[in-house]
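The values are calculated or read from the model by the stated rules, or taken from the named source; none is laboratory data. Owing to the predicted nature of the structure, the values given are computational and were not obtained by experimental measurement. Every residue, glycine among them, receives a Cβ derived from its backbone with ideal geometry; neighbour counts consider all protein chains shown. All accessible areas refer to the heavy atoms of the entire protein, side chains included, with ligands and DNA or RNA removed. Shrake-Rupley method; radii C 1.70, N 1.55, O 1.52, S 1.80 Å.
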Amino acid sequence: MRLTTDFPDIRRADAGTALVSSWLVPTAGLQRPAADAVHAEWEHQERPAAMLSLSTFLSTDGGRLLHYAQWTNDDDHREWARTRRDAAVSRIDEAVPGIRRPGLVRYRRYRSYVPERPAGRRPGLLAVPAFATDGPAAQRTLADTVLGVLAREQVPGLLGAHFHLSQDGTKVLNYAEWADLSAWREFAGHGVSAELAAAIRAMDGVTPVPPEFPVSPEPPESGAPPMHAVARYQLYRSLVNVPVPTSTAPTATGRAATSPRGD
């Protein structure tokens, strides 16, 4: 096991499923205690070998946590949830009462856009635009379209966009890594975001959805329409249970992928 403040390796080849959940805490001061309670549970229990990593992010508005977990498969996670989740959640709630949990979504990463960047440059912000879709075809159309625009426009400050498709065909999540909050705000108030918004509005079977809990939209700049509310987070801590195998670690850094899973 390794604790780190690095963003997780989203493209690791052995991650067969990504489990994403957001929690609302009663007050901003409880963000860190809640995150610490979660990681204490994982640090002090025997962890399944199928559990690869868990990363916890704190929202910039102080009200939420986002958990991003990588497992090799869903069956082992479901078995852990059946036999051990209730006890773990009970101990977390005892330490930090009042947490609200809308539920976990099972995703698989589909494709990624990761531009070349200077060695050692690390993301400072995570933004997670989410969309409702009416099936797998709409999921792929949305992801492919947005990735194509991002690769063509070379958005400053965008360090990675990793599109995840829910396994039931009803959701798409863009796990977008940004250099910092100012880079995200620059994007949100200018032309590329407007181009993307127009393209998405024209798609059949795709609807932007707000986060599970209210988030204030970015204020419009220079008369532009307000950007769809998107939850924004900063990494608090990652637990790496199983290191990325050297033989299967992604080696490509460049542009949006063309293969079904992408890299």
Is it the case that some residue within the stretch 126-149 is in contact with a Gly (Cβ under 8 Å, 6 or more places away or on another chain) and closer than 21 Å to Thr56 by Cα?
-> no
Does any residue of the stretch 73-83 turn out to be touching a residue at least 12 places away in the same chain (Cβ under 8 Å) and closer than 26 Å to Arg232 by Cβ?
-> no
Could we say that Asp74 is open to solvent by less than 40 Å² (accessible area, probe 1.4 Å), among the acidic types (Asp, Glu) and at pLDDT 95 or above here?
-> yes
Just give me the residues in the stretch 35-77 being assigned to a loop (DSSP other than H, G, I, E, B), under 19 Å from Asp93 (Cα atoms) and over 20 Å from the mean Cα position of the chain (by Cα), in sequence order.
-> His44, Gln45
Of all residues in the stretch 96-119 being open to solvent by less than 70 Å² (accessible area, probe 1.4 Å) and small (Gly, Ala, Ser), the one that is farthest from Asp76 (Cα to Cα) | Gly98
Identify, please: which residue in the stretch 82-95 is open to solvent by 30 Å² or more (accessible area, probe 1.4 Å) and among the small types (Gly, Ala, Ser) and is, among those, farthest from Pro48 (Cα to Cα)?
-> Ala95
